[in-house]
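Input: a single structure, listed below in structure tokens.
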Amino acid sequence: MESAPTPSLRLERSDGIATVTITHPAKRNAMTPDMWRRLPVLLETLAADTSVRVLVLTGAEGTFCAGADISTLRAEAPAAQGLTVTAEEALAAFPKPTLAAIRGHCVGGGCQLAAACDLRFAAEGALFGVTPAKLGIVYPAGSTERLVRLVGPATAKYLLFSGELIDSARALRCGLADEVHPEGALDKRVAAFGALLATRSQLTQAAAKEFADGRADEARREHWHREAASSGEAAEGVAAFLERRTPHFRWSV
């Protein structure tokens, strides 16, 4: 009998897109403490890699992530929530576009990770849930605020109070998912959208991400305007438009 694969975060790179696959199929890709610790380190490496323009986060074998591996919580309970928050914040602060490709269960810490991505594309039949009320856990304040920004206070309370799962159609209506596609079309759509993002200006994307997330103070706003003035990105974009060609944006994070 084959042994179950070691829980891991599998990395693949292709044409500017880095895909990180949560791999722990024996437990619906639940994250172990080692996986939570590994994610910020991996993100730091990818952020520094100028060949990477887009990050896709997904799960192996038909499901996204069922949250934290509950069997490990008793041993590491005092530190467990800190690990998840550190990983979530590292993902939210990643300076390039991030896209969650979601199938199956996206629950607990898995939903926490998906919410920290810039966009969420789901397959029909995916299930979303925020489940700390089932475990008597106080959901982190920052994670709660991020959820409220996505779905609004009433839906955030529904999810947090009840721990109930919602389907992909409801996730789309409430803003937890940005697009929903038939199972067989999800990978193609994610690949196409990721390829599109990889052709766009990283300067525009990085500045827009800070502005939209409310992370840009006055000094950072001035920084981005200086970058825009000195980068040559706008000149290239206008020239490409007038010459009816694809722009070649060279600024990188």
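The values are calculated or read from the model by the stated rules, or taken from the named source; none is laboratory data. These numbers come from a predicted model, not from an experiment. Don't worry about glycine lacking a Cβ; one is built from the backbone with ideal geometry, like all the others, and counts go over all protein chains shown.
Need at least 3 residues that are in contact with a Ser or Thr (Cβ under 6 Å, 6 or more places away or on another chain) and crowded, with 17+ Cβ neighbours inside 10 Å per element, so show me which strands (runs of 3 or more DSSP E) inside segment 1-111 make the cut, counting only ones lying wholly within it. Write out each step before concluding.
Values: elements: 8-14, 17-23, 54-59, 98-102, 105-107.
Because the criterion is at least 3 residues that are in contact with a Ser or Thr (Cβ under 6 Å, 6 or more places away or on another chain) and crowded, with 17+ Cβ neighbours inside 10 Å, the strands (runs of 3 or more DSSP E) in segment 1-111 that meet it are 54-59.
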If I ask for residues that are in contact with a helix residue (DSSP H, G or I) (Cβ under 9 Å, 6 or more places away or on another chain) and in a helix (DSSP H, G or I), which ones from segment 211-222 would you list?
Phe211, Arg220, Arg221
When you scan segment 225-245, how many residues do you find that are under 20 Å from Thr50 (Cα atoms) and either assigned by TED's automatic domain parsing to the domain that holds Gly16 or touching a His at 6+ places or on another chain (Cβ under 9 Å) (or both)?
1
Ala101 vs (1) small (Gly, Ala, Ser); (2) closer than 25 Å to Glu183 by Cα; (3) touching a Cys at 6+ places or on another chain (Cβ under 9 Å): all pass except (3)
Filtering segment 178-221 down to residues that are acidic (Asp, Glu) and closer than 23 Å to Glu89 by Cβ, which residue is surrounded by the fewest Cβ atoms within 10 Å (Cβ to Cβ)?
Glu218
Residue match in segment 160-177 (condition: aliphatic (A, V, I, L, M), surrounded by 17 or more Cβ atoms within 10 Å (Cβ to Cβ) and without any contact (Cβ under 8 Å) to a residue 40 or more places away in the chain)
yes
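Is one or more of the residues making up segment 164-173 modelled with pLDDT of 95 or more, part of a loop (DSSP other than H, G, I, E, B) and either more than 15 Å from Ala100 (Cβ to Cβ) or of a type outside the set (Val, Ile, Thr) (or both)? Before you say what the answer is, go through the steps one by one.
To start, the set of residues in segment 164-173 that are modelled with pLDDT of 95 or more comprises 164-173.
Applying the additional criterion that residues be part of a loop (DSSP other than H, G, I, E, B) yields 164-165.
After this cut, where a residue has to be either more than 15 Å from Ala100 (Cβ to Cβ) or of a type outside the set (Val, Ile, Thr) (or both) as well, the list is 164-165.
Scanning segment 164-173, I find at least one residue that is modelled with pLDDT of 95 or more, part of a loop (DSSP other than H, G, I, E, B) and either more than 15 Å from Ala100 (Cβ to Cβ) or of a type outside the set (Val, Ile, Thr) (or both), so the answer is yes.
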Does segment 38-49 contain at least one residue that is in contact (Cβ under 8 Å) with a residue 60 or more places away in the chain and touching a Phe, Trp or Tyr at 6+ places or on another chain (Cβ under 8 Å)?
yes
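Does any residue of segment 136-145 turn out to be surrounded by 19 or more Cβ atoms within 10 Å (Cβ to Cβ) and either touching a residue at least 12 places away in the same chain (Cβ under 8 Å) or not in a helix (DSSP H, G or I) (or both)? Don't jump to the end; show me each part of the working.
So the first thing to find is which residues in segment 136-145 are surrounded by 19 or more Cβ atoms within 10 Å (Cβ to Cβ), and the list is 143.
Applying the additional criterion that residues be either touching a residue at least 12 places away in the same chain (Cβ under 8 Å) or not in a helix (DSSP H, G or I) (or both) yields 143.
There is at least one residue in segment 136-145 that is surrounded by 19 or more Cβ atoms within 10 Å (Cβ to Cβ) and either touching a residue at least 12 places away in the same chain (Cβ under 8 Å) or not in a helix (DSSP H, G or I) (or both).
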The lone exception for Arg120 - which of (1) surrounded by fewer than 21 Cβ atoms within 10 Å (Cβ to Cβ); (2) under 24 Å from Ala30 (Cα atoms); (3) among the charged types (D, E, K, R) it fails:
(1)
With the checklist (1) of a type in the set (A, V, I, L, M); (2) assigned to a loop (DSSP other than H, G, I, E, B); (3) under 18 Å from Val20 (Cβ atoms) in hand, flag the one item Ala177 doesn't pass.
(3)
For segment 135-170, what are the residues that are among the charged types (D, E, K, R) and either within 22 Å of Ala87 (Cα to Cα) or touching a Lys or Arg at 6+ places or on another chain (Cβ under 7 Å) (or both)?
Glu145, Arg146, Arg149
